[in-house]
1. Take the residues in segment 213-234 that are more than 23 Å from ALA140 (Cα to Cα) and without any contact (Cβ under 8 Å) to a residue 60 or more places away in the chain, then tell me which one is least open to solvent (accessible area, probe 1.4 Å).
2. Inspect all residues belonging to segment 168-189 and state whether any of them is touching a residue at least 24 places away in the same chain (Cβ under 8 Å), more than 28 Å from ILE114 (Cβ to Cβ) and among the β-branched types (Val, Ile, Thr).
3. Which residues, taken from segment 155-167, are in a helix (DSSP H, G or I), open to solvent by 50 Å² or more (accessible area, probe 1.4 Å) and within 22 Å of PRO48 (Cβ to Cβ)?
4. Does LEU181 meet the test of being open to solvent by less than 40 Å² (accessible area, probe 1.4 Å), hydrophobic (A, V, I, L, M, F, W, C), closer than 30 Å to GLY67 by Cα and at pLDDT below 90?
5. If we only count helices (runs of 4 or more DSSP H) wholly inside segment 34-121, which ones have 3 or more residues that are more than 27 Å from ILE200 (Cα to Cα) and at pLDDT below 85?
6. List pairs: first residue in segment 1-20 and at pLDDT below 55, second residue open to solvent by less than 70 Å² (accessible area, probe 1.4 Å) and not acidic (Asp, Glu) anywhere in the structure, Cβ distance under 8 angstrom, at least six positions apart or on different chains.
7. Part of a helix (DSSP H, G or I) and more than 16 Å from LYS55 (Cα to Cα): which single residue out of ALA145, ALA140, ALA213 fits that description?
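The values are calculated or read from the model by the stated rules, or taken from the named source; none is laboratory data. Remember, it's a predicted structure, so these values are computed and weren't measured experimentally. All Cβ positions, even for glycine, are placed from backbone atoms using ideal geometry, and neighbour counts span all protein chains on display. Keep in mind that these areas ignore ligands, DNA and RNA; they rest on the heavy atoms of the full protein, side chains included. Shrake-Rupley method; radii C 1.70, N 1.55, O 1.52, S 1.80 Å.
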Amino acid sequence: MEHDSSKRLSEVIFEELVKRIKNNKYKIGDRLPSESILSKEFEVSRYPIREALSKLDSIGYIESFQGKGSYVINNDASDSFRQHAFGRFSDKDLLDILEMRTIIEVEAAGICAIRRTEEDMTFIDYAFQEYKKAHQDEYALGLEADYNFHKCIVQCTKNQYMIKTFENLEEIHLNALEYSLNLNKGMIEKRESVIKEHEIIYNAIKNQEESNAKKAMKKHLVTMRKKLGDIRCR
């Protein structure tokens, strides 16, 4: 498919699907074409399709059901559907939310290591390679690539409530992650250390090592929380 090279594929697909919903090509109550069909139509892999659908879901255009597909529920969704912005929370609220994120993602890493299929691993591998590529530049933030790696792992749990909880906290996650990543800009050793943390998580999931995946994810997220000043972490 042809697209603006400055935009991610998933963003281009997201905007096209929003346009179709607003123009009533996909009406409220309609089931969207499957990931496989959309993948063929846009001539891309299923990974950016999945990202675009996830964004449509989190904003409020569609609702997705495990094994049943995605259905249009709103044709005029706006930013009001998003969670509150990072700045509206107190420091204590933020740290509590990130503590909950740790609980979710540590368990998700273990579950993913057990349940992941070869197809799931293809998505995780793609997300990890994109993450590494984004962090080769010591001054690049790599925000979306980092977040998408973590999102892929949660999605591979196949637990719709875990996935939805993670997605509902997207705004908070991204802002906290942005702050944390900014602390490492231009600091080669720290960036390499964080890349290594992700690599350990990736390898544990690839090798289906449940315990190691959970330990690696906990170490990674606790390190981030300490950077943000959470003195409760051990």
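1. Per the criteria, the residue is CYS233.
2. Scanning segment 168-189, I find at least one residue that is touching a residue at least 24 places away in the same chain (Cβ under 8 Å), more than 28 Å from ILE114 (Cβ to Cβ) and among the β-branched types (Val, Ile, Thr), so the answer is yes.
3. If the condition is that a residue be in a helix (DSSP H, G or I), open to solvent by 50 Å² or more (accessible area, probe 1.4 Å) and within 22 Å of PRO48 (Cβ to Cβ), then GLN160, LYS164 are the ones that fit.
4. no
5. 46-59, 91-115
6. HIS3/LEU9; HIS3/VAL12; ASP4/VAL12
7. Details: ALA145 fails: more than 16 Å from LYS55 (Cα to Cα); ALA140 fails: part of a helix (DSSP H, G or I).
After applying the criteria, what remains is ALA213.
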